[in-house]
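**Q** The structure's right below; bear with me while I get my questions together.
The values are calculated or read from the model by the stated rules, or taken from the named source; none is laboratory data. All figures in this text were calculated on a predicted structure; none of them were measured in a lab. Note that each Cβ is placed from the backbone with ideal geometry, even for glycine, and that neighbours are counted across all protein chains shown.
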Amino acid sequence: MSVKNELVLDKLPKHIAIIMDGNGRWAKKKGNLRIFGHKNGVSSVRESSESCAELGIEYLTLYAFSTENWNRPKNEVRALMELLISTINSETSTLLKNNIRLNAIGNLNELPDKTRNKLNEAIDKTKNNDGLLLTLALSYSSKDEIIHAIQNIASDVKKEKIKSEDINEHLFDQYLFTKNMPNPDLLIRTSGEQRISNFLLWQLAYTELYFTDVLWPDFNKEELYKAIYEYQQRERRFGKTSEQLT
Ligand code: IPE
Ligand code: IPE
Ligand code: MG
């Protein structure tokens, strides 16, 4: 029986974020090249997006490529940028079929022109969908995002668009790439690593963290249901006491 049947449907996370990790190790275990792992990770992206859309989850944010990942061997970086193009080509129909709107965050200017153009094309094709918002974090660094926000706030103060007394959490949120998105309720990281790796540092302040040893290419709908099930067993106190919640 699927764990899906045990989920409490009115207690689903609104926003799930995933650090998709373990493609290289998955390929190595099979005696293959790292890129083989990346290619096999595409079906896990499809399964997670489809199951979120089916459940009615509103936001799914996938960490696909960090700014630090630019330091990987050139042929791996090139292969990943090409994989992104072929994935968009093959998966845009899945997005349209499931009413999913595509979005991207990160230093997108650093992507090769061909990759960025393909991405923008898919974002445009899906812009009228109003189901799941699927955000890809590409060439993303949370520290960069925060610095960028501070620079823009400083510049708006200088231009007298805002006053320094106006700076608060809510205003800061509006200067991040994730503006208008709620913070993630659940963060999943696959592959057994238990770290954040420069992902959504500000936004994860009160997120429930879920770590699984499953390598990303083996992550499927059932694994996602398991993560949501575990999330539903947690008590989110936001600093209060248990008694205050009931
Ligand atoms: C995640 O898998 C994909 C990216 C970071 C692009 P990895 O490529 O990090 O796989 P491992 O961690 O080396 O197994
Ligand atoms: C984090 O994975 C980035 C993505 C999943 C895109 P890494 O494999 O790059 O992270 P570290 O280096 O193990 O922390
Ligand atoms: Mg990794």
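**Q** Would you please name the residue that is surrounded by the fewest Cβ atoms within 10 Å (Cβ to Cβ), looking only at residues in region 7-20 that are within 13 Å of ligand 2 (Cβ to nearest atom) and assigned to a strand (DSSP E or B)?
**A** Checked region 7-20; the qualifying residue surrounded by the fewest Cβ atoms within 10 Å (Cβ to Cβ) is 19.
**Q** Scan region 51-63 residue by residue and report those that are of a type in the set (D, E, K, R) and within 11 Å of ligand 1 (Cβ to nearest atom).
**A** Matches in region 51-63: none.
**Q** Right, next: Name the pairs: first residue in region 137-149 and on the phi < 0 side of the Ramachandran plot and away from ligand 3 (no atom under 16 Å from the Cβ), second residue part of a strand (DSSP E or B) and at pLDDT below 95, Cβ to Cβ under 7 Å, at least 6 apart or on different chains?
**A** No pair meets every condition.
**Q** Can you confirm whether residue 61 is more than 16 Å from ligand 3 (Cβ to nearest atom), under 13 Å from residue 136 (Cα atoms) and either touching a residue at least 12 places away in the same chain (Cβ under 8 Å) or of a type outside the set (Gly, Ala, Ser) (or both)?
**A** Taking the combined requirement at face value, the residue satisfies it.
**Q** Name the single residue that is surrounded by the most Cβ atoms within 10 Å (Cβ to Cβ) among those in region 159-202 being of a type in the set (Asp, Glu) and either farther than 23 Å from residue 234 by Cβ or away from ligand 1 (no atom under 16 Å from the Cβ) (or both).
**A** Ranking the qualifying residues of region 159-202, first place goes to 185.
**Q** OK, next. Go over the candidates 66, 48, 86 one by one and state the one that is modelled with pLDDT of 95 or more, within 16 Å of ligand 1 (Cβ to nearest atom) and surrounded by fewer than 18 Cβ atoms within 10 Å (Cβ to Cβ).
**A** Answer to the selection: 86.
**Q** Across region 203-246, which residue is farthest from residue 106 (Cα to Cα) among those that are charged (D, E, K, R), outside any helix (DSSP H, G or I) and away from ligand 1 (no atom under 16 Å from the Cβ)? Please lay out each step first, then the result.
**A** Going residue by residue through region 203-246, those that are charged (D, E, K, R) are 208, 213, 218, 221-223, 226, 230, 234-237, 240, 243.
When the remaining residues are screened for being outside any helix (DSSP H, G or I), the result is 208, 213, 234-237, 240.
Still in the running and away from ligand 1 (no atom under 16 Å from the Cβ): 208, 234-237, 240.
Details: 208: 23, 234: 31, 235: 32, 236: 29, 237: 31, 240: 34 Å.
So the residue we want is 240.
**Q** Moving on. Given the conditions (1) away from ligand 1 (no atom under 16 Å from the Cβ); (2) under 15 Å from residue 136 (Cα atoms); (3) among the small types (Gly, Ala, Ser); (4) out of contact with any Ser or Thr (no Cβ under 9 Å at 6 or more places or on another chain), and given that residue 41 satisfies all but one, which numbered condition is not satisfied?
**A** Of everything listed in (1) away from ligand 1 (no atom under 16 Å from the Cβ); (2) under 15 Å from residue 136 (Cα atoms); (3) among the small types (Gly, Ala, Ser); (4) out of contact with any Ser or Thr (no Cβ under 9 Å at 6 or more places or on another chain), residue 41 misses just condition (1).
**Q** Which pairs turn up if I take residues in region 16-44 that are more than 15 Å from ligand 3 (Cβ to nearest atom) and look for partners that are aliphatic (A, V, I, L, M) and not in a helix (DSSP H, G or I) with beta carbon separation below 7 Å, at least 6 apart in sequence or on another chain?
**A** From residues that are more than 15 Å from ligand 3 (Cβ to nearest atom), the pairs are 16/57; 16/60; 16/186; 16/188; 17/187; 17/200.
**Q** Here's a follow-up. Which of the residues that make up region 65-77 are outside any loop (DSSP other than H, G, I, E, B) and more than 12 Å from ligand 3 (Cβ to nearest atom)?
**A** Start the filter on region 65-77 by keeping residues that are outside any loop (DSSP other than H, G, I, E, B), which leaves 65-71, 74-77.
Of everything in region 65-77, those that are outside any loop (DSSP other than H, G, I, E, B) and more than 12 Å from ligand 3 (Cβ to nearest atom) turn out to be 67, 70, 71, 74, 75, 77.
**Q** Search region 183-205 for residues that are under 14 Å from residue 57 (Cβ atoms) and pair each with any residue that is at pLDDT below 95 and surrounded by fewer than 23 Cβ atoms within 10 Å (Cβ to Cβ) when their beta-carbon atoms are under 6 Å apart and the residues are at least 6 apart or on different chains.
**A** none
**Q** State all residues of region 21-53 that are touching a Leu at 6+ places or on another chain (Cβ under 6 Å) and either part of a loop (DSSP other than H, G, I, E, B) or of a type in the set (Phe, Trp, Tyr) (or both); if no residue qualifies, say none.
**A** Passing the criteria: 22, 26.
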